[in-house]
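Q: Sharing a structure below in structure tokens format, with a few things to ask.
What follows is calculated from the coordinates using simple rules that are stated; it is not laboratory data. Computed from a predicted model, the values in this text were never measured in an experiment. Here Cβ is always computed from backbone atoms with ideal geometry, including for glycine, and neighbour counts include all displayed protein chains.
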Amino acid sequence: MKERQINDIDKVVHEVITNKDRYSQYYLANFVSQSSISRLRSGKSTLDNTKWETIKQLLRAYRE
């Protein structure tokens, strides 16, 4: 992937993770497990060690 595309994906996923008002844990649970959301939001997990499948689901949550 090009560097710009990676940065764009990173920004979108960061928005989904940090914007708790727009993307509630309940809403995101339709796409990924609540434990994944909780670990990302608490800082116990990072995007660097998150599976690509989980990142794709977070992108779907952003798109819908």
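Q: Please list, by residue number, everything in the stretch 5-34 whose backbone N is under 12 Å from a paramagnetic label point 7 Å out along Cα→Cβ of Lys44.
A: Zone members listed by number: 34.
Q: Say we join alpha carbon atoms closer than 10 Å with springs in a Gaussian network model of the chain; which of Thr46, Thr54, Thr18 then has the biggest fluctuation?
A: In the Gaussian network model the winner is Thr46.
Q: For the stretch 21-30, just list the computed ³J(HN,Hα) in residue order, Karplus coefficients 6.51, -1.76 and 1.60, θ = phi - 60°, integers in Hz, with x standing in for Gly and Pro.
A: Residue by residue, the stretch 21-30 yields 6, 7, 10, 5, 4, 4, 5, 5, 5, 6 Hz.
Q: For the stretch 5-64, which trypsin sites (Lys or Arg not before Pro) pass both filters: DSSP loop (anything but H, G, I, E, B) and at most 13 other C-beta atoms within 10 Å?
A: Lys20, Arg22, Lys44, Lys51
Q: Which residues in the stretch 31-63 have a backbone N closer than 13 Å to a point placed 7 Å from the Cα of Ile17 along the Cα-to-Cβ line?
A: Taking a point 7 Å out along Cα→Cβ of Ile17, the residues of the stretch 31-63 whose backbone N falls under 13 Å are 36-52, 54-56, 58-59.
Q: Setting aside same-chain residues fewer than 8 positions from Lys2, which aspartates and glutamates have a Cα under 13 Å from its Cα?
A: The reachable aspartates and glutamates, counting only those whose Cα sits under 13 Å from Lys2, are Asp10.
Q: Below 8 Å, C-alpha to C-alpha, sequence gap of six or more: please give me the relative contact order for the chain in percent.
A: Once divided by the residue count of the chain, the mean separation gives 38 percent.
Q: Report the charge-dipole magnitude of the chain in Debye, nearest 20, computed about the Cα centre from +1 at each Lys and Arg Cβ and -1 at each Asp and Glu Cβ.
A: 100
Q: Where Lys and Arg each count +1 and Asp and Glu each count -1, what net charge lies around Arg39 among other residues with Cβ under 14 Å from its Cβ?
A: +2
Q: Highest GNM mean-square fluctuation, the chain, Cα pairs closer than 10 Å: which of Asn30, Asn19, Asn49?
A: The residue that fluctuates most here is Asn49.
Q: Can you give me the Rg/Rh ratio for the chain, using Cα atoms for both radii and the Kirkwood formula for Rh?
A: Value, to two decimals: 0.93.
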